[in-house]
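The structure under discussion appears below in the form of structure tokens.
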Amino acid sequence: MKLDVFHKAYEASLEIHRVSKRLPKDEQYELAQQLRRSSKSICANLVEGLGKRESVKESLRYLRVAIGSKEETKLWLQYCVDLGYFDQAQYERLRETYEEIGRMLEGLRKHLEGQI
């Protein structure tokens, strides 16, 4: 996929995967897994929704799910910092990355809605 937002989200999901592996063992099947799943869901929904090329409305449906997954990822990041698993600087950097991804997703959503 050639979209900048896909590449940004993919790189961010790789980083999330790496840092989540450092969470305590008792969080690996709960918080860490949820964090990994939501971050990867952004990429998966972009590929599935835009890769099918069925219709603009169908692409928008998947894009909305990706936007929801971005918000979910930000929530899990907040849990990580509040529980003391991430320091404030690491949290802020990741949160800003997902804020940027959100702006990119919203730009793509507006573009697609203009095609309806």
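The values are calculated or read from the model by the stated rules, or taken from the named source; none is laboratory data. Keep in mind it's a predicted model, so treat the numbers as computed, not measured. FYI the Cβ positions are ideal-geometry reconstructions off the backbone, even for glycines, and counts take in every protein chain you see.
When the residues of the stretch 1-55 are filtered to those that are exposed (fewer than 13 other Cβ atoms within 10 Å of the Cβ) and of a type in the set (Ser, Thr, Tyr), the one that is farthest from residue 108 (Cα to Cα) is 29.
Looking at this structure, is residue 58 modelled with pLDDT under 95, surrounded by fewer than 16 Cβ atoms within 10 Å (Cβ to Cβ) and over 11 Å from the mean Cα position of the chain (by Cα)? Against the criterion (modelled with pLDDT under 95, surrounded by fewer than 16 Cβ atoms within 10 Å (Cβ to Cβ) and over 11 Å from the mean Cα position of the chain (by Cα)), residue 58 qualifies. Being of a type in the set (Val, Ile, Thr) and either under 24 Å from residue 92 (Cα atoms) or outside any helix (DSSP H, G or I) (or both) holds for only one residue in 19, 47, and it is 19.
Taking each residue of the stretch 34-61 that is touching a residue at least 12 places away in the same chain (Cβ under 8 Å) and under 16 Å from residue 9 (Cβ atoms) and looking for partners that are among the charged types (D, E, K, R) and in a helix (DSSP H, G or I) with beta-carbon atoms closer than 6 Å, six or more apart or interchain, yields 38/72; 42/70.
Looking only at the stretch 62-112, residues that are under 14 Å from residue 23 (Cα atoms) and basic (Lys, Arg) come to 0 in all.
Could you please let me know if residue 67 is at pLDDT 95 or above, of a type in the set (A, V, I, L, M) and surrounded by fewer than 19 Cβ atoms within 10 Å (Cβ to Cβ)? Explain how you work it out, then say what you get.
On the way: at pLDDT 95 or above: yes; of a type in the set (A, V, I, L, M): yes; surrounded by fewer than 19 Cβ atoms within 10 Å (Cβ to Cβ): yes.
So residue 67 fits the description; yes.
Taken over the stretch 81-106, the criterion of being in contact (Cβ under 8 Å) with a residue 60 or more places away in the chain, of a type outside the set (S, T, N, Q) and part of a helix (DSSP H, G or I) is satisfied by 94, 98, 100, 101, 104, 105.
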